[in-house]
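The values are calculated or read from the model by the stated rules, or taken from the named source; none is laboratory data. Since the model is a prediction, treat every value here as computed from it, not as a measurement. Using ideal geometry, Cβ is built from the backbone for each residue, glycine included, and neighbour counts are taken over all protein chains shown.
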There are 2 protein chains.
Amino acid sequence: MKLTDGQLAELESKGFLVLPELFSAAEVAAIRADLPALFAERTESNIREKEGGAVRTIMGLHLRSALFGRLVRHPRLAEPARQIARPKLYVQQVKVNVKAAFEGDVWQWHYDFATHRRDDGVPAPLALNLHILLDDVNQFNGPLYFIPGSHKHGPAPTYHDTASTSYPLWVGDRATVAGLIAEGGIAPALGKAGTGLIFGDLMVHGSPGNMSPWDRAIFSVILNPVANAQTTFARPDYKHGTDFTPIEPLADDCLLVPAAASQMQSAR
Amino acid sequence: MKLTDGQLAELESKGFLVLPELFSAAEVAAIRADLPALFAERTESNIREKEGGAVRTIMGLHLRSALFGRLVRHPRLAEPARQIARPKLYVQQVKVNVKAAFEGDVWQWHYDFATHRRDDGVPAPLALNLHILLDDVNQFNGPLYFIPGSHKHGPAPTYHDTASTSYPLWVGDRATVAGLIAEGGIAPALGKAGTGLIFGDLMVHGSPGNMSPWDRAIFSVILNPVANAQTTFARPDYKHGTDFTPIEPLADDCLLVPAAASQMQSAR
């Protein structure tokens, strides 16, 4: 799968791409089937909400589940990523942000590079964040909000917010965020389950809490050029993977026909 | 000002009314002009957010400001209320819910009668809640969410939530709220500043946090029939007024021509 010139131009201009029906209902069901067992695990890479105790995010999934190990190499994610960034990419972070019905808390305005630079010593904002919506996402259940064009302004001032939620984050300075929104507005990333999202390391984004009765789980893999790997190692492996082996895309049916994936790997 | 038969039928069916341009820009400006001094007062009737310290709600305003004293008797609020409920209404609660940009926290799903009955011993769900949007309200800055038709189901199960926010509230049981939304959906009350809202004591409503750069202040007065007055007095006067004198509507220009209001009152 390759992105069209029009899609590449849109990504360049707005800073994000929404790809409806990137994954089928059967593929989404296969991904979701692995979640209950992963949620149930008692591990520090399952992070709960500050209040209420619902799971907020589960991380390091490619090391914990064979299916997620294949998903991070799925050609509908890996090939566009190699096309946009570099041919040699490693798996930096793999998670499902859950945002449970009634409980899911806000993700404050931020851009990923603030954390990648300050916490991990990543040299340049070249990583890509690739999402798959695992639930239908509407305006009420905590959609991702993008600020179109915010990626063109370069790294914005941030501060380390350890209080608002259970997940410490370098978040955007309010005056800067207000200025970016005055210019670009807010674009909520809505869509049916199976929709894909792609955005870069400087895109300012966030998401509101979920007070609706509808869960909102999103899969996310961050792929980073091997040549741009982290240089400091303060965070645990599930927040920034230390295996810098370049990923090789698997077969297109690798989620539904696991054997095909393993055959491809052994034939390589 | 009288509501039309069509508006009364809509209120009966959906449980709420949205009245665009109920107040003019000049009137909204007059109301807003009183707010900074009220915000600045150190009083227990100014309630701050749990985190960050922004003002969440300021209460008892008709006792603290001559303008708000007139606003609760404004004919565009008081006459529809007398038409819908009873001719003799007293001022039960007067506030501005602020929901500041970046900081404003959620109001959980609730209906007002749960609090009016349990905390104040109000006999029946006859009170009306009348709002004026004091900022433009869009989908991003914490609009009120109504569940259309929820008022027809009678008092729903609730629990007393003293943890989620700085304001203790009898909130809707989640299974019940999910069922009501499955039936009626979620209707966000959007509109320009000056828009009016009317809803009754059983309407299940709430509002999400405000992570946008746009403030969202809403004026609210609750009017309750004198014959349905509170019977227990656990809450302070600014949460439930104890002056059961029926209100008399003032002149239509009472916000912009204060003299007209005082002349009417002295002529009575």
Response to the item:
residue B:182: passes all of (1) buried (at least 16 other Cβ atoms within 10 Å of the Cβ); (2) facing chain A (nearest Cβ under 10 Å) but (1)
Worksheet item: Pick from region B:97-108 the residues that are surrounded by fewer than 24 Cβ atoms within 10 Å (Cβ to Cβ) and part of a strand (DSSP E or B): which of them is farthest from the other protein chains (Cβ to nearest Cβ)?
Response: B:97
Worksheet, complete the sentence: A careful count of residues in region A:46-83 that are at pLDDT below 95 and not in a strand (DSSP E or B) gives 6
Discussion item. For region B:160-172, which positions are within 9 Å of chain A (Cβ to nearest Cβ) and farther than 12 Å from residue B:206 by Cβ?
Written reply: B:163
Worksheet entry | Test: residue A:197 is assigned to a loop (DSSP other than H, G, I, E, B) and more than 11 Å from every other protein chain (Cβ to nearest Cβ) | no
Response to the item:
Per the filter on region B:1-12, residues closer than 18 Å to residue B:129 by Cβ and at pLDDT 95 or above are B:3, B:7, B:8, B:10, B:11, B:12
Fill in: Conditions (1) in contact with a Gly (Cβ under 7 Å, 6 or more places away or on another chain); (2) within 14 Å of chain B (Cβ to nearest Cβ): number failed by residue A:94
(2)
Worksheet, complete the sentence: Selection from region B:157-183 of residues β-branched (Val, Ile, Thr) and either touching a helix residue (DSSP H, G or I) at 6+ places or on another chain (Cβ under 7 Å) or within 22 Å of residue B:57 (Cα to Cα) (or both) yields B:158, B:162, B:165, B:171
Worksheet item: Which is in contact (Cβ under 8 Å) with a residue 60 or more places away in the chain, away from chain B (no Cβ under 11 Å), at negative phi and under 15 Å from the mean Cα position of the chain (by Cα), of A:220, A:207?
Response: A:220
Practice prompt. Output yes when any residue across region A:136-144 is crowded, with 20+ Cβ neighbours inside 10 Å and within 14 Å of the chain's Cα centre (by Cα), and no when none is.
Written response: yes
Discussion item. Please verify whether residue A:111 is within 27 Å of residue A:71 (Cα to Cα) and away from chain B (no Cβ under 14 Å), treating the condition exactly as stated.
Written reply: yes
Discussion item. Looking for something within 24 Å of residue A:189 (Cα to Cα) and in contact with a Pro (Cβ under 7 Å, 6 or more places away or on another chain) - is there at least one such residue anywhere in region A:12-19?
Written reply: yes
Discussion item. Can you list residue pairs whose Cβ atoms sit under 8 Å apart, with the first residue in region B:8-23 being under 14 Å from residue B:84 (Cα atoms) and the second being among the acidic types (Asp, Glu) and in a strand (DSSP E or B)? Count only pairs 6 or more apart in sequence or on different chains.
Written reply: none
Item to complete: Kindly indicate whether residue A:123 is away from chain B (no Cβ under 14 Å) and in contact with a Pro (Cβ under 8 Å, 6 or more places away or on another chain).
Response: no
Worksheet item: In the set A:84, A:147, which member is touching an Asp or Glu at 6+ places or on another chain (Cβ under 9 Å) and either of a type in the set (Val, Ile, Thr) or closer than 26 Å to residue A:8 by Cβ (or both)?
Response: A:147
Practice prompt. Scan region A:7-30 for residues that are among the aliphatic types (A, V, I, L, M) and in a helix (DSSP H, G or I) and report the count.
Written response: 8
Discussion item. Against the definition (among the small types (Gly, Ala, Ser) and within 13 Å of another protein chain (Cβ to nearest Cβ)), how does residue A:175 come out, yes or no?
Written reply: yes
